[in-house]
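For reference, the structure discussed in these notes is given below.
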Amino acid sequence: MKPFLLAVARPPGAIAHDERAAILRYGRLVSSQLEALDLLTPAMRLPELTRYSGVIITGSPYSYLAPVKSDTHKATEQNLQNLCSFLLARDFPTLGLCFGFQMLALVAGAQLTRDYPEEMAAHTIQLTAAGISDPLTGKLPRTFRCYSAHDDAVTHPPESLTVLASNPAVPVHIGRIGAHIYGTQHHPEIGRTGIALRVSHYAGTYFPADSRESVLAACQRATVEHGIITHFVSSYGVS
């Protein structure tokens with residue numbers, strides 16, 4: 001099978017390491033089947049897509065709507081926007097996770113807003129009618145829980161973006177752009193180890209710092225859905 005390309009929008013560290021390990025696990029891939037593209041370097045080159053089965057774009061601590069941005073933040077966003085334009089023009093099989101989805105949607109013509117934030121938790125998400133009939137998301141349960149925590153979210157989706165899942169707090173939790181480009185506002189790659197890392201890291205950002213113990217306990221009691229990664233890889237993995 002041709003490898004998948006992991007476009008990494010997250011600085012190195014424990015969360016980035018867990019993220020890659022989880023995508024390997026839920027994608028049922030071995031390490032050689034997931035090649036990395038570092039979006040943090042200013043001189044990033046666009047990939048040769050014929051080498052790959054598909055692209056997975058990671059989450060990130062960066063926010064497009066942040067009022068102040070470091071040079072690395074700016075370089076990452078510019079690299080990712082260039083990559084998203086490249087992928088969208090070719091309708092190349094892609095799965096964007098949280099920040100990855102936001103940037104895909106933005107380049108496709110959506111807007112981002114801070115009107116639909118979610119605190120860190122295992123949120124309940126429902127497929128839309130389009131999501132139930134979609135060849136990829138139709139394999140998911142109609143209602144499921146998944147970890148999510150974000151300030152930015154997609155709004156005013158263009159005609160090219162089909163809303164596949166939502167909940168009362170977030171109108172666009174899964175979207176498909178064109179025929180083969182998918183994105184999730186939530187984090188199907190996060191498991192129990194990953195949520196513990198994030199609760200520790202983001203205490204005071206996505207929830208009050210003094211709630212860390214209760215937030216972690218609630219998150220780890222939840223059963224969450226990872227299948228979109230499994231189904232994306234199995235649907236688009238090609239020899």
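The values are calculated or read from the model by the stated rules, or taken from the named source; none is laboratory data. Remember, it's a predicted structure, so these values are computed and weren't measured experimentally. In this analysis, Cβ positions are derived from the backbone assuming ideal geometry, glycine residues included, and neighbour counts consider all displayed protein chains.
Would you check if T72 is assigned to a loop (DSSP other than H, G, I, E, B), under 15 Å from P11 (Cα atoms) and either without any contact (Cβ under 8 Å) to a residue 24 or more places away in the chain or not acidic (D, E) (or both)? Before the answer, list the steps.
Numbers: assigned to a loop (DSSP other than H, G, I, E, B): no; under 15 Å from P11 (Cα atoms): yes; either without any contact (Cβ under 8 Å) to a residue 24 or more places away in the chain or not acidic (D, E) (or both): yes.
So T72 fails the test.
With modelled with pLDDT of 95 or more, within 21 Å of R28 (Cα to Cα), hydroxyl-bearing (S, T, Y) and outside any loop (DSSP other than H, G, I, E, B) as the only criterion, which of S214, S235 stands out? Walk me through it before giving the result.
On the way: S214 fails: within 21 Å of R28 (Cα to Cα).
Answer to the check: S235.
Considering only residues that are within 16 Å of A153 (Cβ to Cβ) and either in a loop (DSSP other than H, G, I, E, B) or at pLDDT below 95 (or both), which ones fall in segment 89-127?
Once the filter is applied, which keeps residues that are within 16 Å of A153 (Cβ to Cβ) and either in a loop (DSSP other than H, G, I, E, B) or at pLDDT below 95 (or both), segment 89-127 yields C98, G109, A110, R114, D115, Y116, P117.
Sort out which residues of segment 39-60 are free of Cβ contacts under 8 Å to residues at least 60 places away in the same chain and over 18 Å from C98 (Cβ atoms), and write them in order of number.
Residues satisfying the conditions are T41, P42, A43, M44, R45, L46, P47, E48, L49, T50, R51, Y52.
Out of G175, G183, report the one residue that is under 18 Å from E19 (Cα atoms), of a type in the set (G, A, S) and outside any loop (DSSP other than H, G, I, E, B).
Numbers: G175 fails: under 18 Å from E19 (Cα atoms).
Of G175, G183, the one residue that is under 18 Å from E19 (Cα atoms), of a type in the set (G, A, S) and outside any loop (DSSP other than H, G, I, E, B) is G183.
For segment 128-142, indicate whether the set of residues that are part of a strand (DSSP E or B) and either hydrophobic (A, V, I, L, M, F, W, C) or out of contact with any Asp or Glu (no Cβ under 8 Å at 6 or more places or on another chain) (or both) is non-empty.
Within segment 128-142, the subset part of a strand (DSSP E or B) is none.
Within segment 128-142, not a single residue is part of a strand (DSSP E or B) and either hydrophobic (A, V, I, L, M, F, W, C) or out of contact with any Asp or Glu (no Cβ under 8 Å at 6 or more places or on another chain) (or both).
Of P188, P171, which residue is at pLDDT 95 or above, more than 24 Å from S53 (Cβ to Cβ) and within 19 Å of the chain's Cα centre (by Cα)?
Numbers: P188 fails: more than 24 Å from S53 (Cβ to Cβ).
Result of the check over P188, P171: P171.
Checking the conditions here, which among L29, L6, L24 is part of a helix (DSSP H, G or I) and buried (at least 16 other Cβ atoms within 10 Å of the Cβ)? Even if it seems obvious, please write down each step before you answer.
Values: L29 fails: part of a helix (DSSP H, G or I); L6 fails: part of a helix (DSSP H, G or I).
Residue meeting the stated conditions: L24.
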